[in-house]
Each structure stands twice: as C-alpha cells, then as structure tokens.
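Written below as structure tokens is the structure these notes are about.
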Amino acid sequence: MEIEVEEKNSIELFIQTERLYFRKLHWEDAEYVFTYRSAPEVQKFQLWHPKDIEDVRIFIANQQQVPCNMPNSWFQLAMCRKADGRIVGDAGIHFLEQGSRQVEIGYTVAPEYQNNGYGYEALLGIIRFVFSSLGKHKITASVDPDNAVSIHLLKKCGMIKEAHFRKSVFVNNMWKDDLVYGLLKEEFERA
C-alpha cells in the first residue's frame, strides 16, 4: 500500500493512503464527530465521552495546529474518504514526555464505516507517518481487552502485546483492564 505524506503551508497536514486522506479536525466537523463518538458501541471502548456538540468544539479548538512534540499533548486528525471527503473517523497521536522518541496512537472508526478496511488502512498510514515524518522510535497503543476487533487490527499492523495492566483504567464507571501494544521502527521497516 502506497502512503504519501504531504505538508501544505506547514499548517494543514495530509497523510494519504489508497482510499483515505487525513486532515485537521475543523469546527464544522463537530456535529458528526459528536454523533459517532457518542454512539454506545464507540463509547464502550473510549475514554473520551463528549457530553454535547460544544464539548467536541472545545476539543477541536484545543488541538495543536501541527504535530509539535509538546509533552502530554494530542494531535488529532479527521480520517476522510478520498472519494467524497466524508469523515470515517478520527485518529490521534499522543506525544509523551519531553525528548521522547515515542508516541501513543489512538483511533476511532465511525460505526457505519466499520468492516470496510478503513481502520487497517488508516492505522498503517499513521504508523508510516510517525516513523518516517516524525522520526519516532516506538509507537504504543492502549486497548481494552474486550475490544477484539481493535486487538486484531493492532496485530495485523505488526504491533506486539507488551503489557496487561489489571483494572488500571476507570471508564464507564468501572475499573477495566488495559492492554498495551507496541511497535518499533526497525520492526515496521523489516515487515
């Protein structure tokens, strides 16, 4: 799969795959992002549960304009279909401690676009971007052990289970286990 990374005026960033392109979330995306992010099947596995559209607008307004390696910050992107520009989900890159060459990634595919290969295609695009354009050494992803689809996707992209933390995340008013998957740059390049 060919993946391109293109910068537009250092402000609008694009990652392109065969069927998708990524861009910053825009103000006008708030309603649709709220729709899929508040769906019960999505909230079941997500830590962020927007209360209303205003919550999403605040989230969008507080996003970095470019990925800048600011510790404990997220750079969130809309995943859009090339065919019609529709958002199919979003993905984020979490910059860890100062000077770290590691990031955590997260992704959400809207329910109506699941089971079409968009998650796999998007995840590969993000991985390539993180290693080739951001020069990172390692990527991690945190996943609920009950999220079999996401675990399968991480494994398919070459990520390896590194940890299982018991009842370490409080989500939906209960303590849940957390799995951490990781991928090193050299592992990705070998694959």
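The values are calculated or read from the model by the stated rules, or taken from the named source; none is laboratory data. It should be emphasised that the depicted structure is a prediction, and the values quoted were computed from it without experimental measurement. Methodologically, a virtual Cβ is constructed for each residue, glycine included, from the backbone with ideal geometry; neighbour enumeration extends over all protein chains shown. Side chains are part of the model used for accessible areas, which takes the heavy atoms of the whole protein and leaves out ligands, DNA and RNA. Shrake-Rupley method; radii C 1.70, N 1.55, O 1.52, S 1.80 Å.
Quick notes on this one:
- Exposed-site-free run, longest, the chain (rule: GluC sites (Glu not before Pro); DSSP loop; at most 14 other C-beta within 10 Å): 98-191
- Between segment 173-191 and segment 33-48, the alpha-carbon center distance in angstrom: 21 Å
- Derived scalar couplings between HN and Hα for segment 79-87 equal 9, 10, 6, 5, 4, 9, x, 5, 6 Hz in order, rounded to whole Hz, by the Karplus curve 6.51 cos²θ - 1.76 cosθ + 1.60 (θ = phi - 60°), x for Gly and Pro.
- Averaging Cα coordinates gives a centre for segment 109-130 and one for segment 72-94; these two points are 9 Å apart.
- Label point 7 Å beyond Cα of Val149 along Cβ direction - residues of segment 96-124 with amide nitrogen under 15 Å: 107-123
- Heavy-atom accessible surface of the chain: percent carbon and sulfur, 1.4 Å: 49 percent
- Qualifying trypsin sites (Lys or Arg not before Pro) in segment 86-143, where qualification requires a DSSP coil assignment and no more than 14 other C-beta atoms within 10 Å, comprise Arg86, Arg101.
- Two numbers describe the Cα atoms of the chain: Rg and Dmax, which are 15.8, 45 Å.
- Per-residue ellipticity at 222 nm from helix content only, as computed over the chain with -39500 (n - 2.57) for each DSSP H run of at least four residues, stands at -7500 deg cm²/dmol.
- Sequentially through segment 109-122, phi angles give Karplus couplings (6.51, -1.76, 1.60; θ = phi - 60°) of 10, 4, x, 6, 10, 6, 6, 10, x, 5, x, 4, 4, 5 Hz, Gly and Pro residues having no value and appearing as x.
- Count Lys and Arg as plus one, Asp and Glu as minus one, and take only other residues whose Cβ is under 14 Å from that of Thr108; the net charge is then -3.
- Estimated at the nearest 10 Å², the accessible area of Met174 is 100 Å² with a 1.4 Å probe.
- Nonlocal amide H pairs with Ser73, under 5 Å, H built at 1.01 Å: Phe95
- Across Tyr113, Tyr181, Tyr36, mean-square fluctuation computed from a Gaussian network of the chain (C-alpha pairs under 10 Å connected) peaks at Tyr113.
- For the listed residue pairs Lys44/Lys167; Lys44/Lys161; Lys155/Lys185; Lys155/Lys176; Lys44/Lys136, the alpha carbons are over 24 angstrom apart in Lys44/Lys136.
- Each residue of segment 37-43 is assigned a 3J(HN,Hα), and the resulting list reads 6, 9, 5, x, 5, 8, 4 Hz, derived from the Karplus form 6.51 cos²θ - 1.76 cosθ + 1.60 (θ = phi - 60°), x at Gly and Pro.
- Amide hydrogen proximity for Ser168: with H placed 1.01 Å from N in the peptide plane, the residues at 5 or more positions away or on another chain lying under 5 Å are Lys176, Asp177, Asp178.
- Taking amide H atoms as placed 1.01 Å from N in the peptide plane, the amide H of Tyr107 lies under 5 Å from those of Gly92, each 5 or more residues away in sequence or on another chain.
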